[in-house]
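The values are calculated or read from the model by the stated rules, or taken from the named source; none is laboratory data. Since the structure is predicted, the reported quantities are computational estimates derived from the model, not experimental observations. Positions of Cβ are generated from backbone atoms using ideal geometry, with glycine treated the same way; all protein chains shown enter the neighbour counts.
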Amino acid sequence: MTSVTITTPKGPVRATITLPRSKSVSNRALLMASLCGDLGLVSSLSDGDDTRVMHDLLRDTPRLMDCGAGGTTFRFLLAWAAVREGEEHLLTGTSRLLERPHGDLINALKQVGADIERVPEGYRVRGRKLKGGEVHFASPISSQYLSALLLVAPRMSEGLTLRWTGTRLSEPFVHMTLKMLAHFGVFPRLELDGVRVDPCEYTPAPIIVPPDWSSASFWYEIVALSSGSEVTLTGLTDDTMQGDREAQHLWSPWVRTEFTGKGAVLTHRAVAGVWEDLPKSLKHVPDLFQPLAFTLAAKDQPAVFTGLDNLRVKETDRLRIVAEAIEHLGGGAAFADGAFAVKKGITQRASATFDPDVDHRMALSLAPLALVLGSVTINDPQVVNKSYPGYWEDLRRAGFVVE
């Protein structure tokens, strides 16, 4: 196993950074462009592994579709393969990906007419014309189930009525899907507890993928922990399509955000604001949990988060591994039933080594702790390639020593 050691800059972080493009927008746009018959409609794609794999699979349409570790890639392609009339595909991936929960999506696809069978290598999908109808999800563990169905709903002979009740985790990602459907000429109708998509044809429309707000969160963590710092994130706007724009508000006690013609300018607040000592729900923005939890632990700021029910079934058990990292650094944390508490700030002020446990967001969130520890060593640094391949080089550009 290789490793990377990140050492804090000699002075305040001052940098201009070009973020990767949104993986969430890229993957949705690619699937819709594929159903239009033209992947060239999508420009400025994410360079992360998940999007690269999805692009290549949609371009080549092989019978064996290896999705690697990409949960979004796998779930979206299950739905895509289900509507490829007359084709048969075998979807597979890493053993951990296949162990992740997909059953509710597969059952829903079968309910609307899909032919999907679990086989030793993964899932065999025989494409056909799907009938459609009504599907009801009660507190699904992943919003990706809903997005996957919505993306292929126009191809269903009766269209799709999708009802969604109970806990609505990651709801902004479903709204992203609905906005992108409209971009491609499909106009869902919102109903009391769900949405209706009538059968229709996608309208080919070029789309430029925007910079990724999820990746911006690691720079919010950096600016919050570096006195006198200022980072410009080029091209980043107050984009209403991406729910993770909420980062600008969650980090506002320590980071001021100003949108300019160049992008978003993040500036460290010399006088910190007040972090309200009330439980905060992250159910709409769970990808912000890790960098935010480490920011608070480094600031010795107690906090309680709720709405994290699905983080235990991501690439790793994110609640457990974040708690272990904080405790490893002398802090205190606890978690149960989708809630997480930062109880005590980190006390260690010396270098530390971490294993991200194949979770890209873990490695991305741990690296900024070099600002308080002096240096951080992270095993398996290639894990960031899933969403942010240029991260280590961007840290160098910001003054960190990365070796």
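Quick grid of which residues meet (1) under 30 Å from L395 (Cα atoms); (2) more than 21 Å from the chain's Cα centre (by Cα):
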| site | (1), (2) |
| --- | --- |
| R124 | no, yes |
| R128 | no, yes |
| G132 | no, yes |
| L160 | no, yes |
| H175 | no, no |
| P211 | yes, no |
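Against the condition in a helix (DSSP H, G or I), touching a strand residue (DSSP E or B) at 6+ places or on another chain (Cβ under 7 Å) and of a type in the set (F, W, Y), how does Y145 come out, does it pass?
Numbers: in a helix (DSSP H, G or I): yes; touching a strand residue (DSSP E or B) at 6+ places or on another chain (Cβ under 7 Å): yes; of a type in the set (F, W, Y): yes.
Considered against the rule, which asks whether it is in a helix (DSSP H, G or I), touching a strand residue (DSSP E or B) at 6+ places or on another chain (Cβ under 7 Å) and of a type in the set (F, W, Y), Y145 comes out as yes.
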Take L319 and decide whether it is in the same structural domain as A216 (by TED's automatic domain parsing), in contact (Cβ under 8 Å) with a residue 60 or more places away in the chain, not charged (D, E, K, R) and not in a loop (DSSP other than H, G, I, E, B). no
List the pairs whose first member sits in region 192-205 and is under 9 Å from R163 (Cα atoms), whose second member is aliphatic (A, V, I, L, M) and surrounded by 15 or more Cβ atoms within 10 Å (Cβ to Cβ), and whose Cβ atoms are under 7 Å apart, counting only residues at least 6 apart or on separate chains? G194/L162; V195/L162; V195/L178
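Take the residues in region 1-56 that are among the small types (G, A, S) and more than 19 Å from the chain's Cα centre (by Cα); name whichever of them is farthest from L373 (Cα to Cα).
Out of the qualifying residues, it is G37.
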Name the pairs: first residue in region 30-54 and under 16 Å from D66 (Cα atoms), second residue charged (D, E, K, R) and part of a helix (DSSP H, G or I), Cβ to Cβ under 7 Å, at least 6 apart or on different chains? G48/K23; G48/K386; D49/K386; D50/K23; D50/K386; T51/K23
If we keep only residues of region 40-87 that are part of a helix (DSSP H, G or I) and among the small types (G, A, S), then the residue nearest to S143 (Cα to Cα) is G71
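I need the full set of residues from region 278-310 which are under 16 Å from the mean Cα position of the chain (by Cα) and in contact (Cβ under 8 Å) with a residue 60 or more places away in the chain, in order please.
The answer is K283, H284, V285, P286, D287, L288, Q290, P291, L292, G307, D309, N310.
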Given P279, P206, P199, P210, which one is surrounded by fewer than 23 Cβ atoms within 10 Å (Cβ to Cβ) and in contact with a Phe, Trp or Tyr (Cβ under 9 Å, 6 or more places away or on another chain)? P279
So, G113, is that one assigned to a loop (DSSP other than H, G, I, E, B) and either of a type outside the set (A, V, I, L, M) or surrounded by 20 or more Cβ atoms within 10 Å (Cβ to Cβ) (or both) or not? yes
Positions within region 191-209 being within 29 Å of P140 (Cα to Cα) and over 24 Å from the mean Cα position of the chain (by Cα), in sequence order: E191, L192, D193, R196, V197, D198, P199, C200, E201, Y202
For R118, the lone unmet condition from (1) free of Cβ contacts under 8 Å to residues at least 40 places away in the same chain; (2) surrounded by 23 or more Cβ atoms within 10 Å (Cβ to Cβ) is (2)
Being of a type in the set (S, T, Y) and farther than 26 Å from V25 by Cα is true for just one of S157, S139, S143. Which residue is that? S157
Among helices (runs of 4 or more DSSP H) completely within region 339-403, the ones holding 3 or more residues that are closer than 16 Å to F289 by Cα are 360-366
